[in-house]
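Read through the structure below, which is laid out as structure tokens, and then see the notes.
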Amino acid sequence: MNIVILGTAYPFRGGLATFNERLARQLQAEGHTVEVITFTLQYPSFLFPGKTQYSTEKAPTDLRISQQVHSCNPFNWIKVGHRIRKMQPDMLITCYWMAFFAPCYGMIQRLVQRNGKTRCIALVHNMIPHEPSILDKLFAPFFVRHTDGFVALSESVVQDINRFDHGTKPKTSYPHPIYDHYGEPMSKEEACQALHLNPENQYMLFFGLVRAYKGLDLLLDAFGKVKDQLPNLQLIIAGEFYEEEDKYRAQIAHNGLTNRVIIKNEFIADADLRKYFGAADLIVQPYKSATQSGVTQVAFHFEKPMLVTNVGGLGEIVHDHKMGYAVEPNAEAIAQALTDYYTHNRQPDYTQYLIQQKDRYSWTGMAQTFYTIYNQLK
């Protein structure tokens, strides 16, 4: 087939761009012609809380990526919509994660659908974002109306889509595949040496952008509760802060953790992921709300047990007391899981179970899910 993926990709950075590029590679490997159409402008700078939207990595040489879409210019949306309509791809995969993009995506899809051939299938990371706004009610229905079918990454997102579609269009979910392109795992000793850490300590890793819904405050309170029971335990926070760093540093001091927390406040390059995951004994995601998370799939790749909160689709992925913990989103429950994990040395058993589950999260399965929806629309 001829397939167009519409969404963020290089030169933009982040997990969504990584997902789209990996999906494009899988579809290419299965014999399809794939073009990724990304943004000339993704977010206006005043709406973007981070330091930069752009990747410092080298441009992919194995993908066809073109920057065409200006997220704030309706005349551009019409131009891009007509261009894709004339291309007559069999499938347009639109990567949706927040209502800000709904007018842009909806208009492009509306025009593309007029060719009578292309099936517009949305890849929905979040239908209702972690930090909802009035835009979700105003803009999302327009996007859903001009989408033919939906692929979500968790059942909770399917239910969110049904709030706008009322079950009339084909939709399904397939769990976030494992990110498998970050290189071989590093030993703890090698990773600690690279990060100038003491390998005799125990490390839990909070990885990714620091935002309010990700519950770092819950983790810090939980750590404060167990710091005396687990004297060798340290916390690594690796990711750019989209919140005020000072308020978390104040909480660290309040909990007596000043010498127990390592902060790397910057976007972690792909080449450095294996260092942080290699040093960690446990990946901790104490989210207050969630749909799914790419961090869990990076943890799968590096074969690291996880502690997540049982919100959204996280509990669907992390089987409680088998490959880690899926606990209630409060400090007490997180503290109990930390104590259990480290005092009973759960890492070997949980790692073994996790390895056995890796085949459930394949990019082949992800691609097949799109074919299934496409065939329902033919």
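None of the figures in this text is laboratory data; all of them are computed from the coordinates on show. Please read all numbers here as calculations on a predicted model, not as lab measurements. Glycine also receives a Cβ, built like all others from the backbone with ideal geometry; neighbour counts cover every protein chain displayed.
Spatially close Lys pairs in the range 188-360, defined by Cα atoms under 13 Å apart and a spacing of eight or more places or different chains, total 7. For the pair Thr172 and Asn201, label points projected 7 Å from Cα toward Cβ lie 4.7 nm apart. Each label was represented as a point 7 Å from its Cα along the Cα-to-Cβ direction; for Asn265 and Thr351 these points are 3.3 nm apart.
Considering only Tyr371, Phe223, Ala29, and ranking their Cα positions along the charge dipole of the chain that arises from unit charges at the beta-carbon of Lys, Arg, Asp and Glu, the one farthest toward the positive end is Tyr371.
Over the C-alpha trace of the chain, radius of gyration and Dmax come out as 21.1, 66 angstrom.
Taken about its Cα centre, the range 188-360 carries a charge dipole of roughly 100 debye when the Cβ of each Lys and Arg holds +1 and the Cβ of each Asp and Glu holds -1. Computed over the alpha-carbon atoms, the range 273-378 gives an Rg to Rh ratio of 1.04, Rh here being the Kirkwood radius from the mean inverse distance.
Cross-link reach is defined here as a Cα-Cα straight distance under 29 Å, omitting same-chain residues fewer than 8 places apart; for Lys117 the lysines meeting it are Lys79, Lys86, Lys169, Lys171, Lys378. Basic side chains Lys and Arg get +1 at the Cβ, acidic Asp and Glu get -1 at the Cβ, and with that the dipole of the chain about its Cα centre reaches some 1640 debye. Measuring r between the beta carbons of Lys225 and Ser133 and using R0 = 30 Å, the FRET efficiency lands at 0.30. Tell me whether the range 31-94 comes out rounded, prolate or oblate; compute the Cα gyration tensor, take square roots of the eigenvalues as a ≥ b ≥ c, and use a/c under 1.5 as the rounded threshold. Cα axes put the range 31-94 in the oblate bin. Annotation for Glu243 and Asp90: the two label points, set 7 Å from Cα along the Cα-Cβ direction, are 4.6 nm apart. Seen through its C-alpha gyration tensor, with square-root eigenvalues sorted a ≥ b ≥ c, the range 66-173 comes out oblate because a/c lies at 1.5 or above while a/b is not bigger than b/c. Across the range 188-360, counting alpha-carbon atoms alone, Rg and Dmax equal 14.6, 43 Å. Dividing the summed helix terms, -39500 (n - 2.57) for each DSSP H run of n ≥ 4, by the number of residues in the chain produces a 222 nm estimate of -12000 deg cm²/dmol to the nearest 500. The distance linking the range 2-67 with the range 316-375 is 27 Å (Cα centroid to Cα centroid, whole angstrom).
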